[in-house]
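The values are calculated or read from the model by the stated rules, or taken from the named source; none is laboratory data. Keep in mind it's a predicted model, so treat the numbers as computed, not measured. Using ideal geometry, Cβ is built from the backbone for each residue, glycine included, and neighbour counts are taken over all protein chains shown. For accessibility, only protein heavy atoms count, side chains too; no ligands or nucleic acids. Shrake-Rupley method; radii C 1.70, N 1.55, O 1.52, S 1.80 Å.
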Amino acid sequence: MIVCYNVYEQTAYLRTCDFRAEFLFEDEETRRVTRVLLPEARFGRYAYLSGKWLLEDASVSTRLTMELRLPIAWKDYGYDEFRQAVSQMATDWLEQRICELENDFTEVIYDPDTVFQQQDVREMLLGKYSYGGAQILRNVVLSFYRGEPVELGTVTQLDRKHYAIFQAILTHYRKHRESEQLREIVGEMNRMKAKKAQADNAEETEEDLLF
């Protein structure tokens, strides 16, 4: 069973997935059970890339116990030290698996300094697209502009291309905060939204007149 909750690390709460698993040591004989803590966002990303909708379906616990072999020196670790060491090894394994799944990552390079000026990004943010990826990116941009938290759970649903754009937008915000480019794109998004609402209202009014 996988349980997710908030864990306070250094300066912020991070969503963490917690589950128990039994690991084999390098001597291929000794076993030890421990709790494993993995970042929920990266766990979700792995599950998504693996084509799984539920974290349990990603079979991370099973793969970890099959593929990892713990150093013999860890046998004498205390409970907390052992849990931390295994969790770090599992996190490193998870990142490696994600990299392998993304080895055909999009070749398009999104420059954080000019990401809002790239044509395909503008089309996603300002176009008529109503699919998930474009809407998630719009919400991310608006959250940054308003200084609100970003729902990382939705970010893990992005495909490779949209995730690359998210990373560029995130880097842009970290570097420039509320930049002129961010204000301009949000202004354009708001105008497009108002224009669409006006068009929808006009269409509804016309339908009412017909009936």
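A few remarks follow.
- Residues (in a helix (DSSP H, G or I) and either open to solvent by less than 60 Å² (accessible area, probe 1.4 Å) or at pLDDT 90 or above (or both)) located in the range 57-70: Ala58, Val60, Ser61, Leu64, Thr65
Let's see how each residue does on (1) modelled with pLDDT of 85 or more; (2) within 22 Å of Arg35 (Cβ to Cβ):
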site: Leu55; (1), (2): no, yes
site: Ile72; (1), (2): yes, yes
site: Asp76; (1), (2): yes, yes
site: Gly127; (1), (2): no, no
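- Evaluation of Thr106 against (1) within 22 Å of the chain's Cα centre (by Cα); (2) modelled with pLDDT of 85 or more; (3) open to solvent by less than 80 Å² (accessible area, probe 1.4 Å) (one fails), failing number: (2)
- Looking across the range 133-157, the residues that are closer than 23 Å to Arg177 by Cβ and either aliphatic (A, V, I, L, M) or within 10 Å of the chain's Cα centre (by Cα) (or both) come down to Ile136, Leu137, Val140, Val141, Leu142, Val150, Glu151, Leu152, Thr154, Val155.
- Residue ID - nearest to Leu49 (Cα to Cα), chosen from residues in the range 157-190 that are assigned to a loop (DSSP other than H, G, I, E, B) and polar (S, T, N, Q): Gln157
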